[in-house]
Amino acid sequence: MAAVEAVKERTRFRQLDRRGSVPRTMAVRIWTALMIVYVVWGSTYLAIRIAIETLPPFLMAGIRFSVAGALLFGWAIRRGDHANDAPGWDQWKAAAIAGAGLFLGGNGGVVFAESRIPSGVTALLVATLSLWMALLSWIAYGERPSRSAAIGLPLGFAGTALLIGPVETSGIDPVGAAACLLASLSWAAASLYSRRAKLPARTAVSTGMQMLAGGAWMLLAGLATGELASVRPATFSSASLGALVYLIVAGSLIAFTAFAWLIRTAPTSLVATYAYVNPVVAVALGWALAGEPISARMLVAGAIIIAAVVLILRSEPSSRIREEASS
């Protein structure tokens, strides 16, 4: 019933929007949800940097997604068509595979990258996700890019090359940059896999399962890299612990709920703007709150990357926009 009501609500919105008479209450709800996604997801990059200042990176991320996944799954599993959409072994196996790509490879790469490069630069490199999605869709499934995407692909990679550049000419750390690009590639590949995987039809249930699986993978990575042996609770700062709580509650629960509502209700072209607003928010917050430098080279490269993302997302369907939510 909830899905039916969401479709009706979106249809009413589009009909009213074509007549130019969107109800004020609906417009307020949409823009409130958009601002949550813009600001919260844009701020997660700085929150990650603060969290890993005193918390072990992989264990921190593992706790984040395990807790958030358990809360989301526990809330969603009894809602909707729980009789015909109950997760079984095949669904959990698919969630484990997708969770490995999305969270261990994707978010894990971001967490590692932020130990070496500024949070704002990380956000700009993560914006290349749309480029990888378009490229992998073309290679794996023969989905030829549109004219605007064909322009955006080389433009985006050119901007990335400019942003990274040689370290001796004010470029960024190549190891951190490579980890970030591989993280975006991992997220893109896992997103494509999840399109055809046997995951539950209910979005919140599927996402909760993938978060749980991803959190477990991250905890295992933390154990494998010896992070547990170096855990010293006395050294954990209140700022890092607060950032972890923020990532769980705001980054993984509140913002996702707002995004899930938007993708069912608002026009796709409007929702897609998060992909190029988030990096701007991340760069601004990194500069204002953490003193991260902003160079002319970074501004030019960032503008090129964001322009490429705009070109690619102009032709993306709503299902792919949902898959590209990487915060």
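The values are calculated or read from the model by the stated rules, or taken from the named source; none is laboratory data. Treat the numbers as computed from the prediction; the structure is a model and nothing was measured. Backbone-built Cβ (ideal geometry, glycine too); neighbour counts: all protein chains shown. SASA here: full protein model, heavy atoms, side chains in, ligands and nucleic acids out. Shrake-Rupley method; radii C 1.70, N 1.55, O 1.52, S 1.80 Å.
Summary of computed values
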{"read-out": "Protein-only accessible surface order, largest first, of 160, 235 at 1.4 Å", "value": "235, 160"}
{"read-out": "Dipole-positive endmost among 265, 130, 184 within the chain (Cβ charges, Cα centre)", "value": "265"}
{"read-out": "Average accessible area per residue (Å²) across the chain - probe 1.4 Å, nucleic acids and ligands excluded", "value": "45"}
{"read-out": "Inter-site label distance for residue 254 and residue 196 at 7 Å from Cα along Cβ, in nm", "value": "3.9"}
{"read-out": "Taking only Cα atoms of region 87-237, radius of gyration then Dmax in Å", "value": "17.5, 56"}
{"read-out": "Kirkwood-based Rg to Rh ratio, region 164-283, C-alpha trace", "value": "1.00"}
{"read-out": "The chain, accessible surface, carbon-and-sulfur percent (1.4 angstrom probe)", "value": "67"}
{"read-out": "Length added when fully stretched, residue 143-residue 70, from 0.36 nm per residue minus Cα-Cα", "value": "22.7 nm"}
{"read-out": "Taking the chain and dividing mean pair separation by its residue count, relative contact order in percent (alpha carbons under 8 Å, at least six apart)", "value": "39"}
{"read-out": "Stretchable slack from residue 182 to residue 225, in nm (0.36 nm times residue separation minus alpha-carbon distance)", "value": "13.6 nm"}
{"read-out": "Sequence ranges 190-197, 101-108, 220-227, 255-262, ranked by mean other-Cβ count within 10 angstrom, highest first", "value": "101-108, 255-262, 190-197, 220-227"}
{"read-out": "Net charge dipole size for the chain [Lys, Arg +1 and Asp, Glu -1 on Cβ; Debye, nearest 20]", "value": "1120"}
{"read-out": "Cα gyration tensor of region 24-169 - equivalent ellipsoid semi-axes, whole Å, descending", "value": "29, 23, 20"}
{"read-out": "Per-selection Rg to Rh, the chain - Cα, Kirkwood hydrodynamic radius", "value": "0.96"}
